[in-house]
Amino acid sequence: MKKQTLIIRIIFYGLLLSSLIGLISFGFIFLESHISHLLWDKLLNDMPFKVVSVFIFCILGGFCVGKLREKWGDYPQTAHDSIDQLKKIQTVNYRPAFKSLFVALLVLIFGAGVGPEAALLGAIVMLSIWQADKMRYLFFNQENFIKLSPVERISHMLHPTKYLVTYNAESVPKGDNFLSTKKALNIFFSVNGLISFTILMKLTKQPSFISKMGDTSWHLKDLWFFIPLLIVGLLSGKIYNVFKKKMSQWFNFWQDEPVKKALIGSLSIFIVGIFFPNLLFSGQVALGSVPKDYVKFSFLILLLVVIIKLVFLQICLNTGWIGGDIFPIVFASIIQGFAISQVLPAFDVIFIVATVATAMAVTILDSPIGVAIFIALFFPIQMIPVIFATALILKFAKQSILKKKAKG
């Protein structure tokens, strides 16, 4: 087969498979959003005995999540799990991808205070390795492949468990041209999957994950409080990290009783669902109303919201209700920023919120650049220098401390 023809085939089927991955990702988000809305905002709200109905629903959720963990093990798999596996063995077992997404969907629609990003990214990593194995099959079986009919070719490339060639370091071509072409194609397919996902979200008018926190008119005088605000965010993150370790120790029981443990999470979901329903799920839906509503609440009430949200997150994660922590932590960090702004009325609110939120989230998630990019999506463009300055200061400060410890 001519080289150009092979590249055209790889591009065609790569676009097909990456679009399919984008479709699967969209389907997960679509189902989670609509089923959650139907259950919590309509059915449970309209029940004649709402408290009893919510309690039964949460207990049912705990039983389902616990039983699935008892039967299948630690699902859903997160992006961290998939990437660790990829680093160790240069590939990923992608067969549980839909099993992982199904458990994650149950966790989310039953109201756990976690985000969809960890399980979804984990599944995307698994499906991307599946796509790579399909591309290797096409590359190493090109002569046989062209003998198939068009329908057979499509069925081979879409078959979930057959016609795959796993990664083998010894059989992979080593030329610079091949490696650069492979890298470019991987980026191209990733972008295509993201575009497919975005188009589907727009066509179905799904709500955005990102909510803007308002306008800013910060001035140089606000910089007088930049370092104190950074320290407040840093200390808030440090306190949470200590609490996180303690929660892991406190919940280190019933390792062989996933149903009982999941029911503890059910009780926390029930309590939050009755008294603080806006804190269910990851918090990204409620975040959109924060800029308008925060002025109605005092510093202590906003601080209480932060504490409840983070305690709720840790209870869920430690009782088998596995999900992402990025959205809940960013939600809590932004609320913490609004709380601090209540005691500093003479300074720009958005400047305070962006600085505190970035410092707190960077300290917790330990990914300065990634967190800064994500946080920046919630704020006006004028705050980008402040956000990245906060993240970089914390990054270099940590590196400096680690170097001193290593020398000492």
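We did not get these values from a lab; they are worked out from the coordinates using the rules stated. Since we're looking at a predicted model, the values are computed, not measured. Here the Cβ positions follow ideal geometry from the backbone for every residue, glycine too, while neighbour counts run over all protein chains shown.
Ranked by the mean number of other Cβ atoms within 10 Å of their residues, highest first, the peptides 330-336, 15-21 come out as 330-336, 15-21.
The listed peptides 371-382, 115-126, 351-362, ordered by packing as a protection proxy, come out as 351-362, 115-126, 371-382 (highest mean of other Cβ atoms within 10 Å first). Exposure proxy for 316, 64: other Cβ atoms within 10 Å of each Cβ, ordered fewest to most, give 64, 316. Can you give the angle from 0 to 90° between the axis of helix 226-250 and the longest principal axis of the chain, with both taken from C-alpha atoms, to the nearest 10? Roughly 70 degrees, rounded to the nearest 10. Rounded to the nearest 10 degrees, the angle from helix 50-72 to the longest Cα principal axis of the chain is 40 degrees.
Applied to the stretch 291-299, the Karplus parametrisation 6.51 cos²θ - 1.76 cosθ + 1.60 on θ = phi - 60° returns per-residue 3J(HN,Hα) values of x, 7, 9, 4, 5, 6, 10, 7, 4 Hz, with x for Gly and Pro.
Centroid-to-centroid, using Cα positions, the stretch 23-87 and the stretch 262-313 are 18 Å apart. Placing dummy labels 7 Å off each Cα toward the beta-carbon, the span from residue 84 to residue 235 is 3.3 nm. Between the helical axis of 79-89 and the longest alpha-carbon principal axis of the chain there is an angle of about 40 degrees.
Placing pseudo-labels 7 Å out from each Cα toward the beta carbon at residue 257 and residue 398 gives an inter-label distance of 3.7 nm. Charged side chains reduced to their Cβ positions (Lys and Arg at +1, Asp and Glu at -1) give the chain a dipole of some 900 debye around its Cα centre. On the beta carbon distance between residue 91 and residue 300, with R0 = 56 Å, the FRET formula returns roughly 0.65.
Would you mind calculating the gained length between residue 23 and residue 274 on full extension (0.36 nm times residue separation, minus the Cα-Cα distance), in nm to one decimal? Working it through step by step, the gained length comes to 86.9 nm. For the residue pairs 212/309; 87/261; 244/403; 221/245; 244/292; 99/292, the alpha carbons lie more than 29 Å apart in 87/261; 221/245; 244/292; 99/292.
Inter-label distance, residue 382 to residue 16: 5.2 nm, where each label sits 7 Å from its Cα along the C-beta direction. In a DSSP loop and with at most 15 other Cβ atoms within 10 Å, the chymotrypsin sites (Phe, Trp or Tyr not before Pro) in the stretch 1-67 are 49.
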